[in-house]
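So the structure is just underneath, and the comments pick up after that.
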């Protein structure tokens, strides 16, 4: 595994076999899971392949069979540099598993149906959102089905592309710095925007061609969530432990990352997460700015190659929210969020309503995009319970005005939360409401979130608001409308996931609501929930250059308490900082 400079790379050539497997929870994570993966590139097939997943509670008995409930998704785009040709995405398959048992470990295998009579199969596909009951079949009978492909070579001779990259001993190409920059001579500011984006195009990206393609029919596993309102057993806790062997108390544990990308520090974070947390994490929450494509959709392919090599999101569900660098508007067209909407499948409220960009042609300034953008439902915003938590993911780049669909949906969602069942209410969005750094203060999205969303967070007693966008770490005290308030949420910025950290403090003296701020080190956060009243937040500093044997954890303990208001019992948030400056060195 190495790295290459901006333009000197390509995604792995895997002959069209299925890859890029990743999970996301369904509306009820205790009984539903969505398995997503990609297959053949959409420019190379007259008819798409149909994906399916075989599932069981034992790797030798995958007796549940689920086919796609909607046609595979694909999109195309014109890349920054015309020499690369038009981009066609691989087909994206999203298979929804239903009727699972809570708090249960399952094994699964992704398969592709053979391209026999694809036109007829396409015509018989139900519309998006249609449900289909799971089919129970014996594994042997499935292997005898001629329409199911179990051979890795069935799609060989596809995607035959030669890739030549000159790299040095450190895995960095010798590409000149200016070669990665886009060129535009028009008069509407595109050259200036291209220069601003050069820092992204000239970054050192992950080189996936140095690793082998993942086995397409590998048997993987995942664990469903505990029943709604419960903690459940410890993740991956073995059944039938010997008498006298100490068992860890049950808990839920989520990992939070922001602005991850596919860079050197991204690998540091993921390596640490895989090495130290993999067996404990229930879900990964990614607070936007996912792949940092820099106008080049090929980098979505290398991003998923990158994730394939860490063998994690095919076992642990990853939930996402939209960031400014996920807009992906190309120079010569007006489409937005195509990769974000097509490559993932979150527990959607209803199918996406995705419009087009109505501004001027040319490059869109990703650091200051227009507001709002026309993107409702789908992966734009959604919510789901998980054990004793209720999780809401918002899109700061869609409208947040009180008349908007997102705002009205959010109010309805907040009103419907039963805090006696899910007392922990957590919001994830890309932009922070509170920002102690000297960047992004005038973003229209931050202004709108501060004006329209923060009052809702306070009114409905949100416990924790997690954001990215600022390439730094920050945690506030309990704050409500700029005033320290024990009933206000704690706001956390986790934007130090991989993109360069160099934000300056806005003021030398921190604001009264500030608890911790740091833009010099990279890391990720974990939220461990022990019960309905106590949880622990850790910010784990992974450091640089892969030095993981010594790492820092900044720990914050907090709890909820029951607040009586107008004879109604409502759980309000009170974050009691038991160790406000605790820094423990872990070995």
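The values are calculated or read from the model by the stated rules, or taken from the named source; none is laboratory data. Note that the structure is predicted; figures quoted are calculated from it, not measured. Using ideal geometry, Cβ is built from the backbone for each residue, glycine included, and neighbour counts are taken over all protein chains shown.
The table that follows gives values for the structure above.
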{"read-out": "The lone exception for residue 362 - which of (1) part of a loop (DSSP other than H, G, I, E, B); (2) over 22 Å from residue 32 (Cβ atoms); (3) at pLDDT 95 or above it fails", "value": "(3)"}
{"read-out": "Filter pass, residue 584 being modelled with pLDDT under 90, in contact with a strand residue (DSSP E or B) (Cβ under 6 Å, 6 or more places away or on another chain), part of a strand (DSSP E or B) and surrounded by fewer than 17 Cβ atoms within 10 Å (Cβ to Cβ)", "value": "yes"}
{"read-out": "Residue satisfying condition, being buried (at least 24 other Cβ atoms within 10 Å of the Cβ), modelled with pLDDT of 95 or more and not in a loop (DSSP other than H, G, I, E, B), within set 255, 291, 225", "value": "255"}
{"read-out": "Condition broken by residue 390, with the remaining ones in (1) surrounded by 24 or more Cβ atoms within 10 Å (Cβ to Cβ); (2) in contact (Cβ under 8 Å) with a residue 60 or more places away in the chain satisfied", "value": "(2)"}
{"read-out": "Identity of the residue in region 343-359, outside any loop (DSSP other than H, G, I, E, B) and in contact with a helix residue (DSSP H, G or I) (Cβ under 7 Å, 6 or more places away or on another chain), that ends up surrounded by the most Cβ atoms within 10 Å (Cβ to Cβ)", "value": "343"}
{"read-out": "Members of region 418-440 found to be more than 16 Å from residue 394 (Cα to Cα) and out of contact with any helix residue (DSSP H, G or I) (no Cβ under 9 Å at 6 or more places or on another chain), listed by number", "value": "418, 419, 420, 421, 422, 423, 424, 436, 437, 438, 439"}
{"read-out": "Of the criteria (1) part of a loop (DSSP other than H, G, I, E, B); (2) at pLDDT below 95, which one residue 103 fails", "value": "(2)"}
{"read-out": "Residue in region 559-566 that is under 23 Å from residue 273 (Cβ atoms) and modelled with pLDDT under 95 present", "value": "no"}
{"read-out": "Per-region count, region 441-459, residues surrounded by fewer than 19 Cβ atoms within 10 Å (Cβ to Cβ) and part of a loop (DSSP other than H, G, I, E, B)", "value": "2"}
{"read-out": "Verdict on residue 75 being modelled with pLDDT of 60 or more, touching a helix residue (DSSP H, G or I) at 6+ places or on another chain (Cβ under 7 Å), surrounded by fewer than 20 Cβ atoms within 10 Å (Cβ to Cβ) and within 30 Å of residue 293 (Cα to Cα)", "value": "yes"}
{"read-out": "Filtered residues of region 462-501 (kept if under 15 Å from residue 514 (Cα atoms), part of a loop (DSSP other than H, G, I, E, B) and in contact (Cβ under 8 Å) with a residue 60 or more places away in the chain)", "value": "477, 478, 486, 488, 489"}
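For (1) in contact with a strand residue (DSSP E or B) (Cβ under 7 Å, 6 or more places away or on another chain); (2) without any contact (Cβ under 8 Å) to a residue 60 or more places away in the chain; (3) more than 25 Å from residue 394 (Cβ to Cβ); (4) in a loop (DSSP other than H, G, I, E, B), each residue gets a yes or a no:
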position: 271; (1), (2), (3), (4): no, no, yes, no
position: 276; (1), (2), (3), (4): no, no, yes, no
position: 279; (1), (2), (3), (4): no, yes, yes, yes
position: 296; (1), (2), (3), (4): no, no, yes, yes
position: 305; (1), (2), (3), (4): no, no, yes, no
position: 313; (1), (2), (3), (4): yes, no, no, yes
